[in-house]
1. Read through the list (1) in contact with a helix residue (DSSP H, G or I) (Cβ under 7 Å, 6 or more places away or on another chain); (2) within 16 Å of ligand 2 (Cβ to nearest atom); (3) more than 16 Å from A39 (Cα to Cα), then give the number of the only condition that F159 fails.
2. With respect to the numbered conditions (1) crowded, with 19+ Cβ neighbours inside 10 Å; (2) closer than 26 Å to R318 by Cα; (3) among the polar types (S, T, N, Q), which one is the sole condition not fulfilled by T270?
3. Listed residues G262, G232, G179; which is over 24 Å from A353 (Cα atoms) and within 16 Å of ligand 2 (Cβ to nearest atom)?
4. In segment 295-324, what residues are in contact with a strand residue (DSSP E or B) (Cβ under 8 Å, 6 or more places away or on another chain) and of a type in the set (A, V, I, L, M)?
5. Filter segment 150-171 down to the residues that are within 16 Å of ligand 1 (Cβ to nearest atom) and either of a type in the set (G, A, S) or surrounded by fewer than 23 Cβ atoms within 10 Å (Cβ to Cβ) (or both), then identify the one that is farthest from the chain's Cα centre (by Cα).
6. crowded, with 22+ Cβ neighbours inside 10 Å, more than 11 Å from ligand 1 (Cβ to nearest atom) and in contact (Cβ under 8 Å) with a residue 24 or more places away in the chain: does that describe L116?
7. Out of all the residues in segment 124-133, which are among the hydrophobic types (A, V, I, L, M, F, W, C) and assigned to a loop (DSSP other than H, G, I, E, B)?
8. Take segment 126-139 and flag every residue that is in contact (Cβ under 8 Å) with a residue 40 or more places away in the chain and away from ligand 2 (no atom under 14 Å from the Cβ).
Amino acid sequence: PRAPAPRRIVLLGATGSIGRSTVDLLERDPEGFSVSAVAGGSDVEALARVARAVKAEFAAIRDESAYAALKQALAGTNTQVAAGREAVIEAALRDADLVVSAIVGAAGVEPTYAALAAGRDVALANKECLVCAGVPFMRMAAEMGVRLLPMDSEHNAIFQALGGEDASRIERMIVTASGGPFRTWSKERISEATVDEALNHPNWAMGPKITVDSAGMMNKGLELIEAHHLFGIPAEKLEVVVHPQSIIHGLVAFSDGSVTAGIAVPDMRTPIAHCLGYPDRLTTPTPRLDLAKIATLTFEAPDFDRFPALRLALDVLRAGGGLPTVLNAANEIAVEAFLDRRISFDGIARHVAEACEAALRDGTANAPATVEDALAVDHIVRERSRSALAGRAASGMLLQ
Ligand code: NAD
Ligand code: MG
């Protein structure tokens, strides 16, 4: 049964793609939910709009210089306003039944971990939390006895396909991938892909970082690492299959040969609603599945040669230790450099591989025992990656 209404929600990353989809659902059910806090990065207007729409008690913006503007934008409302790193953590700690973690990147680690440590149930859209600091995250969730609900569509599908069954009876866990905009492209063509081409995802409208990750299939690699931590499944039992229609999102194969799957029209509001309502179900306005109309579902093996980021992430998952932390940080900076048109598309995976090799040589890749350790590694790798990629002129090596 559902917790007594209204459920109190904290929404971190409220102005992003996941944030806006979450707000869409919250707005449709004002009786069912109340919003204790919203937090965003730097877009004052967007954050103020969201805070007004959901009548948030508290609004935090990461950009410290945005305080006055946010204060002004929310004048005449009952929303309290704060700015800066501490303010985002304060938002995460506001009283809530569920904290939605939808900040992009390792920036989400501190506030999300703070919420877990305070005993809050968390719905996790932000996969970088588990890639950067998976072991300490899962340990804290277990210690506090809190729920960590997967909001990422594949993991949400697998969570539902698992139906609470014993992990020892699982033979394989399969995550599907759309294949992204470059699924049928040659290696040569992918290497020269422009920013606009990488941002042109066939099935999902998402923030720029995850969209670029999807184009190179790094996103699928991050998701394997995420699944490994969330479900306690070893790398050998994790698989990727390319499924361009994105109707089946994840599958679980059991020891008796049974396979269960999570199936839905690709719309993030479905996994978001599953988390918001859990263990009850909400009613969403998403398009309904019509298999006869879709007619054909197809599958293909991933191509590690054309998508080296996926192979790299798998190697990093198998190696473990601090390498996932390194991979995540280097990838964030490389994606930023690509979006700034400072490096080529294939330069992203190349840079991440170099960063992992460098970390293996000098001990940066030792397993971080705590979230603080993981964030220290994250910081070192970011600085290194920034200086390694800073020399690239915006126009020099690329004409886009
Ligand atoms: P986005 O870029 O659209 O939004 C990111 C949000 O984070 C924005 O609200 C932004 O203001 C906020 N933010 C950025 N830096 C911040 C900081 N330092 N402090 C506080 N807030 C900050 O990204 P998105 O597509 O919504 O993705 C969010 C997360 O969810 C990512 O980790 C992504 O991998 C994951 N995810 C997204 C989708 C999707 O469909 N968009 C699907 C699955 C998982
Ligand atoms: Mg996903």
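1. The single condition F159 does not satisfy is (1).
2. Going through (1) crowded, with 19+ Cβ neighbours inside 10 Å; (2) closer than 26 Å to R318 by Cα; (3) among the polar types (S, T, N, Q) one by one, T270 breaks only (2).
3. G262
4. Residues satisfying the conditions are L297, A301, L310, L317.
5. The first filter runs over segment 150-171 and keeps only residues within 16 Å of ligand 1 (Cβ to nearest atom), leaving 150-160.
Then keep just the ones that are either of a type in the set (G, A, S) or surrounded by fewer than 23 Cβ atoms within 10 Å (Cβ to Cβ) (or both); that gives 153, 157, 160.
On the way: S153: 10, A157: 15, Q160: 18 Å.
Looking at the filtered set, the residue picked out is Q160.
6. Answer is yes for this residue.
7. Within segment 124-133, A125 is the sole residue that qualifies.
8. C132, A133, G134, V135, P136, F137, M138
The values are calculated or read from the model by the stated rules, or taken from the named source; none is laboratory data. Note that this is a predicted model, so its numbers are computed, not measured. So basically every Cβ, Gly included, is an ideal-geometry build from the backbone, and we count neighbours across all protein chains shown.
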